[in-house]
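So the structure is just underneath, and the comments pick up after that.
The values are calculated or read from the model by the stated rules, or taken from the named source; none is laboratory data. None of the values given here were measured: they were computed from a predicted structure. Counting neighbours? That spans all protein chains shown, and the Cβs are built from the backbone with ideal geometry, glycine included. For the accessible areas, the whole protein counts, side chains as well, though only heavy atoms, and no ligand, DNA or RNA atoms are used. Shrake-Rupley method; radii C 1.70, N 1.55, O 1.52, S 1.80 Å.
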Amino acid sequence: MLRNVFIKNFGCQMNVRDAQVIAGLLQKAGYKIMESDAQAQVIIFNTCSVRQHAEDRVWSLIGSYKGTKIIGLVGCMAQNYKEGAFDRDASISFVVGPQDIAKLPEILHKLTQKNFFQRKIWETDGLKRPEEIYHTGYYQDKQKTQVVISEGCSNFCSYCIVPYVRGALRHRKHQDILAEIKEALDQGITQVTLLGQNVNAYCDQAVDFIKLLAEVNALSGLKEFDFFTSHPKDAHSDLFKAMQDANKLTKRLHLPLQSGSERILKLMNRGYSVKDYLALVDSYRKIVKEGKLTTDIIVGFPTETLAEFSQTCALVEKVKFNAAYIFKYSSRPHTAAAEIAEQLDFFEIQKRHKKILDLQRKISKKLNVKKAERDK
Ligand code: SAM
Ligand code: SF4
């Protein structure tokens, strides 16, 4: 029997957790999760579609196996390409979208049986994951884990492929989230990250994100927790007060800005203005003592002028983020921004990216020197 599986993971923290969920499901079904591809007969690529570059890396790696292994394309790229993935690379045997990962044990069982003649299987029509997949008890790290509180996204930022590959926003029941955390704590885990594309929009009947924070904070055995990602349009001073009150919560907020230009923010369909964003930063810093602030920025969004790019630089200079993830705009299928006729030249995007990256590096360095001086 072909029972050794290697999972190669790409992308965000949600995928890090998904890879563990897949590992847990397969282990429960009798498969062995390998630490490298050398002894594995099956390779699962758990993939990301947020930027083209991430997809290119996957295609190139799949090609490098030259048909020597059973290859599966799982996650966002699977959803993006569906059965078209088999045309792109004929060595792929199965294609499974993020909402269908519960079917993986059955798919592998079929494909690894000698008398099974169908060589291609795809499952990309699922709308929702069964709750059981979160309870296999598989944790790669013995101290910390991620817990998914909501899946998908319905915000439709004009550049983003996530709503198309991960589906509409769904909230897990708060009792299920707490049960999953308790199971992890029983296994010795002490740190948890609550995950979702927009965690502050969390809502399960009467339990909103602020109530969930208090419930998680009260769990005995939990030493530390944080959450990722917040959306500025759903963040407010009550959230910051709840952050300050939760003694086990890490005082760090990731609040993606994306652009410092009002016009570009509107085109991005982000739902807040530069003024709103600055007011949030002000409120956060007043309420959450010594709270760290990080962000995401996209440079080179279609039609972004030099003056608009400079507004983003000026905002970065003004806010002084502890860290910023700066991305070059990548045109994605299905999205509204991909339809805008005026797309910026790649070299111009590269130039702007380097400039703002250098600026942020200087700011982070200065903040770290200041912190080191304070800690002396
Ligand atoms: N849900 C989170 C939010 O809205 O902040 C972000 C999720 S997305 C996976 C992470 C980051 O990737 C975004 O904040 C954005 O900066 C970046 N991103 C998304 N689509 C992109 C694209 N087409 N090109 C470049 N960067 C992109
Ligand atoms: Fe993408 Fe916007 Fe949803 Fe974040 S909030 S996942 S950037 S559509």
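Some points to look at:
- Among the residues of the stretch 178-209, those identified as part of a strand (DSSP E or B) and within 26 Å of N155 (Cβ to Cβ) are V192, T193, L194, L195, C203, D204, V207, D208.
- In the stretch 116-167, the residues that are charged (D, E, K, R) and farther than 15 Å from C12 by Cβ: R119, K120, E123, D125, K128, R129, E131, E132, D141, K142, K144
- Pairs linking a residue in the stretch 161-187 that is in contact (Cβ under 8 Å) with a residue 40 or more places away in the chain and over 22 Å from K144 (Cα atoms) to a residue that is small (G, A, S) and within 16 Å of ligand 1 (Cβ to nearest atom), with Cβ atoms under 6 Å and 6 or more positions apart or on different chains, are I161/S49; V165/S49; R166/G152; G167/G152; R170/G152.
- Test: residue in the stretch 320-343 that is within 11 Å of ligand 1 (Cβ to nearest atom) and under 12 Å from I264 (Cβ atoms): yes
- Across the stretch 139-158, not a single residue is classified as in a helix (DSSP H, G or I), within 16 Å of ligand 2 (Cβ to nearest atom), in contact with a helix residue (DSSP H, G or I) (Cβ under 6 Å, 6 or more places away or on another chain) and farther than 30 Å from N217 by Cα.
- Residues in the stretch 167-184 that are farther than 24 Å from D125 by Cβ, buried (at least 17 other Cβ atoms within 10 Å of the Cβ) and among the hydrophobic types (A, V, I, L, M, F, W, C): I177, L178, I181, A184.
- Residue that is most open to solvent (accessible area, probe 1.4 Å) [pool: residues in the stretch 150-166 that are more than 18 Å from S230 (Cβ to Cβ) and more than 7 Å from ligand 1 (Cβ to nearest atom)]: Y164
- Inter-residue pairs, beta-carbon under 9 Å, first more than 17 Å from E180 (Cα to Cα) and in the stretch 203-216, second among the charged types (D, E, K, R) and at pLDDT 95 or above, 6+ apart: Q205/K173; I210/D238; I210/K241
- Flag for T68 being under 26 Å from V192 (Cα atoms) and open to solvent by 30 Å² or more (accessible area, probe 1.4 Å): no
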